[in-house]
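Read through the structure below, which is laid out as structure tokens, and then see the notes.
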Amino acid sequence: MHRPVVGDSWLKGKSRSFIAFCEKWWVKNLVGPVVFLLPPMLLTSAITRPTFSAQLVQAFGQNVADILNSYPILLLASAFIYVALIKAVYAGISAYSKPAKDLETKDILAILHALNIVVGDKNQRFSTFLRKNLKNELLNPATTFHEITRPDQQIALLTKSLLSVFDYLDDKNTVFRVGLMRVSNSAPVEWVAFEPAAHPPRTQPEQLAAPSSTISLSIRTKSIIVVEDIQNELSKKSNKKERRFLRGHTQETDQGSQLCFPITHASTGAVEYVVCIAGNKKACLIEKHAELYKWIIEHFSTRISLEHSLLVLKDKANVKEAA
């Protein structure tokens, strides 16, 4: 199972491998105690036991014995410092090895809850139709298909649920907006859903078809694009080809971040939708967290892709029925 790792680097990876190695049972229960306890035990024995001190003289010479006899308190303190230092170094490596942002159990539950809202809506629609037609012996398959499948409603509900997840994960009091752009021939053509409804998208699809827009770049590369600071992106006037954000109706005082995620349909291999998430605070979406955002959105994009398939099938069925 894929686990998203955020803000990773070569050194973090090596640190994580070291911690995983140290957590092995034989390292933790056999090697660990030797590393922690053996040096302090040897120093304590050298100070408190004359016979042991004599053995050290034979092994390391008289100079070592003189040091042990002259500074016993210092050596005892060194033994304590050694243990504390080893523990501190291990704790530091363990803390550094953790991802820059990780999902906790409550975050996973929030994602599951958002998805269950969508599934619950579909389940309720199926149950209602079944209750009405439970005694109907002449149920028409086409009528059943049209009644129980509502891909337009499901897509809108998935968009709303995705907004709730980003609202939950946010810790900067950000106001997020989520929109779903339909794509045709590798160009944005229509906002099919957006949340909240009180704040509709300000830029039209034909404007967002410009090469410098985040949506267009996401379509071309078929990858997630995260713009941490929209004003910083707009300041790239020297080379507009490198710009990843379209000004549109963005004012100079507006702050925020932008994320675009393309949804590629398996049947066509083409980008059919782009998920657009915007926040009103700078760095409320962070580029090095893109892997985590991608992991979250994929749980919704798979279901949007499924509903898109149903939408196409319903359209074809309607055309055939009309003919």
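Couple of notes before you dig in:
- Residue in the range 253-267 that is without any contact (Cβ under 8 Å) to a residue 24 or more places away in the chain and over 29 Å from LEU306 (Cβ atoms) present: yes
- Test result for SER97, surrounded by 12 or more Cβ atoms within 10 Å (Cβ to Cβ) and over 18 Å from CYS276 (Cα atoms): yes
- Residue match in the range 149-172 (condition: part of a helix (DSSP H, G or I), farther than 30 Å from LEU313 by Cα and free of Cβ contacts under 8 Å to residues at least 24 places away in the same chain): yes
- Yes/no for ALA77 being loosely packed, with under 13 Cβ neighbours inside 10 Å and either at pLDDT 85 or above or assigned to a helix (DSSP H, G or I) (or both): yes
- Against the list (1) crowded, with 17+ Cβ neighbours inside 10 Å; (2) over 29 Å from CYS260 (Cα atoms), the condition LEU157 fails is (2).
- Tally of residues being in contact with an Asp or Glu (Cβ under 6 Å, 6 or more places away or on another chain) and among the hydrophobic types (A, V, I, L, M, F, W, C) across the range 264-285: 1
- Filtered residue count, the range 173-228, keeping only those that are free of Cβ contacts under 8 Å to residues at least 40 places away in the same chain and of a type in the set (Phe, Trp, Tyr): 2
- Going through (1) surrounded by 10 or more Cβ atoms within 10 Å (Cβ to Cβ); (2) outside any helix (DSSP H, G or I); (3) at pLDDT below 70; (4) of a type outside the set (Ser, Thr, Tyr) one by one, LEU103 falls short only on (3).
- Looking only at residues in the range 160-174 that are polar (S, T, N, Q) and either touching a Ser or Thr at 6+ places or on another chain (Cβ under 9 Å) or loosely packed, with under 14 Cβ neighbours inside 10 Å (or both), the one that is nearest to ALA283 (Cα to Cα) is THR174.
The values are calculated or read from the model by the stated rules, or taken from the named source; none is laboratory data. Source: prediction; values computed, not measured. Reconstructed Cβ throughout: ideal geometry from the backbone, glycine too, with neighbour counts over all protein chains shown.
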